[in-house]
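Report on the following structure.
The values are calculated or read from the model by the stated rules, or taken from the named source; none is laboratory data. Just so you know, these numbers come straight off a predicted model, no measurement behind them. Neighbour counts run over all protein chains shown; Cβ positions are idealised from the backbone, glycine included. All accessible areas refer to the heavy atoms of the entire protein, side chains included, with ligands and DNA or RNA removed. Shrake-Rupley method; radii C 1.70, N 1.55, O 1.52, S 1.80 Å.
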Amino acid sequence: CGAGRYNDNQAASADAHDDVSDCSICTAGRYNPDEATSAVAHHNCTLCSSGSKLEDDGNDASMHDAADDCESCGPGFYSNEEVGTEKCTQCPEGQVSPARASTCSLCPAGYDCSGSTTPCPAGKYSNGETDGCVACEEGYMCPGSADHAECLPGSYQPQPSKTACLACEAGKHQELPGKDSCVECPAGFFCPRRAATTLECGSIALFCPAGSSIVESAASGYYTTGGTTTTRTAQVICEKGFTCVGGVKTSCDGLDGLGQFSDEEGLSSCKTATTCGAGTRIKEASTSTSDTKCEDCTAGKYSIGDALECTGCEAGKYSKATKAVGCTPVTSCGAGTRIQTESTSTSDAVCEDCKAGTFSIGGTAECTECEVGKYSTTAKAVGCTLAKACSAGTRIK
């Protein structure tokens, strides 16, 4: 038999071997390259090697006369002695093969095996259990191939098919892996960028509103509120009657005893209350929210300072001016004068000289007339003179 032909008759009849026409063209999947040099080589055709095919089924000997008549199977197909080499068999779903494959295998992780075996592109992944690449889910990142990683705490990814995770923005945090969003930092805590946990504000002098990325110091004249001493949430302006420093509010009543007050909001130190000085009295004592109110002493009274009431002038003294720090002794009407007007607490005594014919030894309301036989010819006399007696032989003119 010539190349591409065979005769498988087992000598049952001589007629089956007496002519070239008794040779048959190789069937599909087989070939015979021998050019009639060996009878042994023609009792059957050789099976195409695994991973190849020969589809012609005994129609054209020229298509069966050489090993290279067997065509290689393409990717995704295979052939072998078990399944035959007449054609290439497609790999089962979920399995792949290279060109000229004798068997199929599962798709390797990180590859798309729906057609040719190609690496998964960025944003997709394959774990080898499917024949295609899958889009990366929210909360994961897929740089490509088999890489499929959860976003770490402190990061997130809100969209599918992404190659990297995003850092949590300042003021937010995420404690768990594989999340598609970050959580706002709660009040009393702060969260820097990429925070995986919350951090306490840390001091009564500091505060952190919700969503804080850094701590804030309480301003002078403000105090902190909310939470605990290490998780303050806000600052509030200091009310009247208090002073606020370092986030702490202290009553002015409790500072240095009396004499401290705060009559406006936002003070970092208390004011010292006014002291009512000499010549005044305390009309209204200071409180934690108000200053002392002073009032001038009225005429006839005096004060040496810091008194609730002014003191009235004692007998024999007076004060005609307001805001007096003391009283003036009353004028004494001496000998030869009389008290014309008595003194009061607000006015001095007024003295008047005694007229001729009268006298005074002082301190009296009226001058005394000279008694009979005595006289006074001048004003302001302190006594009377004995009248002259007419002598014998004279008369009183």
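Quick notes on this structure:
- Residue that is farthest from Glu352 (Cα to Cα), among those in segment 364-397 that are open to solvent by less than 100 Å² (accessible area, probe 1.4 Å), among the β-branched types (Val, Ile, Thr) and in a loop (DSSP other than H, G, I, E, B): Thr394
- Only residues that are of a type in the set (Ser, Thr, Tyr) and within 15 Å of Glu55 (Cα to Cα) were counted across segment 75-106, and they come to 4.
- Filter result (at pLDDT 95 or above, of a type in the set (A, V, I, L, M, F, W, C) and open to solvent by less than 50 Å² (accessible area, probe 1.4 Å)) within segment 237-275: Cys238, Cys244, Leu267
- Checked against (1) under 27 Å from Ser262 (Cβ atoms); (2) without any contact (Cβ under 8 Å) to a residue 40 or more places away in the chain; (3) open to solvent by 50 Å² or more (accessible area, probe 1.4 Å), Cys201 meets all criteria but (3).
- Residue that is open to solvent by 60 Å² or more (accessible area, probe 1.4 Å), on the phi < 0 side of the Ramachandran plot and of a type outside the set (Asp, Glu), where the choices are Ser97, Ser72, Ser79, Ser102: Ser72
- Count of segment 168-204 residues which are assigned to a strand (DSSP E or B) and farther than 22 Å from Tyr140 by Cα: 4
- Test for Thr163: is it farther than 30 Å from Cys113 by Cβ and assigned to a loop (DSSP other than H, G, I, E, B): no
- Leading residue by the ranking (surrounded by the most Cβ atoms within 10 Å (Cβ to Cβ)) among those in segment 281-304 that are hydroxyl-bearing (Ser, Thr, Tyr) and part of a loop (DSSP other than H, G, I, E, B): Ser303
- Taking the criterion of being open to solvent by 60 Å² or more (accessible area, probe 1.4 Å), at pLDDT 90 or above and not basic (Lys, Arg), the residues of segment 83-94 that qualify are Glu86, Gln90.
- If you go through segment 7-28 and keep only what is modelled with pLDDT under 85 and either open to solvent by less than 50 Å² (accessible area, probe 1.4 Å) or not hydrophobic (A, V, I, L, M, F, W, C) (or both), you end up with Asn7, Asp8, Asn9, Gln10, Ser13, Asp15, Ala16, His17, Asp18, Asp19, Ser21, Asp22.
- Being outside any loop (DSSP other than H, G, I, E, B) and touching a helix residue (DSSP H, G or I) at 6+ places or on another chain (Cβ under 8 Å) is a property that holds for Thr243.
- Only residues that are farther than 26 Å from Asp306 by Cα and of a type in the set (Gly, Ala, Ser) were counted across segment 232-286, and they come to 5.
- In segment 205-224, the residues that are assigned to a loop (DSSP other than H, G, I, E, B) and either aliphatic (A, V, I, L, M) or in contact with a Lys or Arg (Cβ under 8 Å, 6 or more places away or on another chain) (or both): Ala205, Cys208, Ala210, Gly211, Ser213, Ile214, Val215, Ala218, Ala219
- Candidates Ala324, Ala307, Ala278, filtered to the one that is surrounded by fewer than 18 Cβ atoms within 10 Å (Cβ to Cβ), modelled with pLDDT of 95 or more and either aliphatic (A, V, I, L, M) or touching an Asp or Glu at 6+ places or on another chain (Cβ under 6 Å) (or both): Ala278
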